[in-house]
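The values are calculated or read from the model by the stated rules, or taken from the named source; none is laboratory data. Fair warning: this is a prediction, and the values are worked out from it, not measured in the lab. Cβ coordinates were reconstructed from backbone atoms using ideal geometry, including for glycine residues, and neighbour counts include every protein chain displayed. Quick note on the areas: whole protein, heavy atoms, side chains included, nothing else; ligands and nucleic acids left out. Shrake-Rupley method; radii C 1.70, N 1.55, O 1.52, S 1.80 Å.
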Amino acid sequence: MGKLIQCSGCIAREPYHFRLTKTNVYSIEEVCYYIRHNIYMMQEEVFDREFVLWLRNELHMKETADKLERLIQEQYNIKDIVVTLCCSCDYYDEGEITELIHIMDDLGNLPKYARRKYKGDNFLRCRSYEKALEEYERIFESDEILQAEPSVYGDIFHNMGVAYANIGEFHKASELFTKAYEKNSRDASLAQYLFSLRLCKDVE
């Protein structure tokens, strides 16, 4: 996962699979690391009874599993899940856990389009290009995006262009990079536009 993680608890024989990013974890420390580095997607990850069973049966964390089960039955807040998991081991200290809570609070105060953009950006980073495009396209279905600055439109168009380029649709990508440059005037969008034209062999 990009970092050497010292695990003091049990190591699972069977991993838990986070579906959104297609990531397997084998310990509670890896769960905490995953949460921190995917904090902008936590609202979308499903901590359900399958996860509770994994904690209980694979990691033998009965007390933590019982707490999560109660939270699920009470229609939990995702922050409570994050705090419960991160406090169940010593991987993060109190200050780091508090920082995670602040990030989640800030996310909750963002307009819906901005939360969707964070989600789309994370899908893009994880190379889930189709899912990223779905999120970006949903942004334009909401009237809230009308309140955004032109540069925000441009950044979304740019990221959509990146996604299309990575699935080989270079003509579509070039169109989106053009829109992006018209909105954000960023050299990066212009450069990607020209690069997309070369890839699709658009001589004109």
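A few comments on the model shown:
- Total residues in the stretch 16-44 satisfying the condition of being open to solvent by 10 Å² or more (accessible area, probe 1.4 Å) and within 28 Å of TYR113 (Cα to Cα): the figure is 13.
- Contact map, the stretch 131-147: first residue within 13 Å of ILE167 (Cβ to Cβ) and of a type in the set (Gly, Ala, Ser), second residue open to solvent by 80 Å² or more (accessible area, probe 1.4 Å) and in a helix (DSSP H, G or I), Cβ cut-off under 8 Å, separation 6 or more or different chains; the map is empty.
- The residue pairs whose first member lies in the stretch 8-31 and is among the basic types (Lys, Arg), whose second member is modelled with pLDDT under 95, and whose beta carbons are closer than 8 Å, counting only pairs six or more residues apart or on different chains, are ARG19/GLU45; ARG19/VAL46; LYS22/CYS126; LYS22/SER128.
- Cross-chain or 6+ apart pairs with Cβ under 8 Å, the stretch 165-191 first and farther than 15 Å from ALA132 by Cα, then open to solvent by 90 Å² or more (accessible area, probe 1.4 Å): ALA180/ARG186
- Given (1) open to solvent by 80 Å² or more (accessible area, probe 1.4 Å); (2) without any contact (Cβ under 8 Å) to a residue 40 or more places away in the chain; (3) within 21 Å of GLU30 (Cα to Cα), number of the condition ASP90 does not satisfy: (2)
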